[in-house]
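The values are calculated or read from the model by the stated rules, or taken from the named source; none is laboratory data. Please read all numbers here as calculations on a predicted model, not as lab measurements. Cβ sites come from the backbone with ideal geometry, for glycine too, and all protein chains shown count toward neighbours.
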Amino acid sequence: MQIAQAGGWPGETIRPTQRRQGWTGQGLKRERRLGYVFVAPMLLFLFGIIFFPLAHAFWTSLYREAGVNIRFVGPGNYARLLDDPTFWNSLRVSVVFTAVCVALHLIVGMPAALFLDQLRRGRTALRLLFLTPWMVTPVIGATAWVWLLEPHFGVVNYLFRSLGLIAAYKIWLGEPGLALGSIITVDVWRGFPFVMLILLAGLQTVPREEYEAASIDGAGALQRFLYITLPHLRYLLVVATTLDVINTVRTFDIVAVMTRGGPINATEVLPVLIFNTAFQANRFGPAAAVGVVLLLLLLVFSTLYILLLQPERTWARVR
């Protein structure tokens, strides 16, 4: 039967209008479930290589070994750290080592970045030259420096003696003060290119018109650096310093190869203390406790880094 409607052509069939169903979101839910299936292998992989070892380390820190006997002590290992002078010495050495190295990374990296930014010829070759220490494996670089600092046949003693800077050959890695200064020097030699690279990237975003306008107004090089360069690099300076602190406080290779924490624990930073406690003294529980403390310190700096990367969102939450 044909249904006629006003305004329609004779003989035209008008079908009843079907009611549209509302959006249920079933397709989006299926996509999400499918996404979880694809992400599951990665989550399992991360759990296997990150979360499980961390949980195992924390569980190990709750036990203490006495010969072949292992007993549960709970937070006892953490309580003993508070009365352990070796731990406090390593913490002090780590703080001094990290603070001095990070400061020197910035002091050396900033002029190097400014120098490379002003170059017009040979910039690529010099960049590769400056980045060479950072590209060298830490163990290989530390081994080379051990040869250079050798007391009797090392190049450093020979050069310093020839220039009259020292009266007699120095045992650079055998005296507490000299050993700490030596590993700081090696870490600065290897670590400053990281800061230099970040600052160089920031320098290339500074508008050249601002420098030209400042020069026309009579501003000198120091004034242009203080009032133009530093304000533009302020954010990158904080981020680079935070990342550098996280990298430096975890330094193990250089110290382990050059001094192994000696002499007289003068260079025993926290990662080296963990290694010596676990594999030299066979005290895995206390070593795991030191590792958890180091992890907490790294989490503090990592949290600071995340907050710095999201300043607007952070301030919005605070307000």
Which ones in the range 110-153 are more than 17 Å from Gly191 (Cα to Cα) and either part of a loop (DSSP other than H, G, I, E, B) or under 20 Å from the mean Cα position of the chain (by Cα) (or both)? Leu119, Arg120, Arg121, Gly122, Leu149, Glu150, Pro151, His152, Phe153
Among the residues listed as Arg234, Arg250, Arg208, the single one being within 27 Å of Ser90 (Cα to Cα) and out of contact with any Asp or Glu (no Cβ under 8 Å at 6 or more places or on another chain): Arg250
Just one listed residue, out of Trp134, Trp88, is touching a Lys or Arg at 6+ places or on another chain (Cβ under 9 Å), of a type in the set (Phe, Trp, Tyr) and within 25 Å of Gly181 (Cα to Cα), and it is Trp134
Filtering the range 119-139 down to residues that are under 23 Å from Val255 (Cα atoms) and either in contact with a strand residue (DSSP E or B) (Cβ under 7 Å, 6 or more places away or on another chain) or surrounded by 15 or more Cβ atoms within 10 Å (Cβ to Cβ) (or both) yields Phe130, Pro133, Trp134, Pro138
Is it true that Trp189 is modelled with pLDDT of 90 or more, more than 18 Å from Val272 (Cβ to Cβ), of a type in the set (Phe, Trp, Tyr) and exposed (fewer than 14 other Cβ atoms within 10 Å of the Cβ)? no
Over the range 140-158, the set of residues surrounded by fewer than 17 Cβ atoms within 10 Å (Cβ to Cβ) and closer than 18 Å to Phe194 by Cβ is Ile140
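To keep it simple, each residue is scored yes or no on (1) in a helix (DSSP H, G or I); (2) among the aliphatic types (A, V, I, L, M); (3) out of contact with any Asp or Glu (no Cβ under 6 Å at 6 or more places or on another chain); (4) over 26 Å from Ala113 (Cβ atoms).
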site: Leu165; (1), (2), (3), (4): no, yes, yes, yes
site: Gly174; (1), (2), (3), (4): no, no, yes, yes
site: Leu180; (1), (2), (3), (4): yes, yes, yes, yes
site: Thr185; (1), (2), (3), (4): yes, no, yes, no
site: Val188; (1), (2), (3), (4): yes, yes, yes, no
site: Gly191; (1), (2), (3), (4): yes, no, yes, no
site: Met196; (1), (2), (3), (4): yes, yes, yes, no
site: Gly202; (1), (2), (3), (4): yes, no, yes, no
Helices (runs of 4 or more DSSP H) contained entirely in the range 215-271, each with at least 3 residues that are on the phi < 0 side of the Ramachandran plot, within 25 Å of the chain's Cα centre (by Cα) and in contact (Cβ under 8 Å) with a residue 60 or more places away in the chain: 230-249, 253-258
Answer yes or no as to whether Thr248 is out of contact with any Pro (no Cβ under 9 Å at 6 or more places or on another chain), surrounded by 15 or more Cβ atoms within 10 Å (Cβ to Cβ) and under 23 Å from Leu178 (Cα atoms). yes
Residue list for the range 51-79, filter: of a type in the set (Phe, Trp, Tyr) and within 10 Å of Phe284 (Cα to Cα): Tyr63
Checking Glu210 against (1) touching a residue at least 24 places away in the same chain (Cβ under 8 Å); (2) not in a loop (DSSP other than H, G, I, E, B), the condition it does not meet: (1)
Do we have Tyr158 as more than 23 Å from the chain's Cα centre (by Cα) and in a loop (DSSP other than H, G, I, E, B) here? no
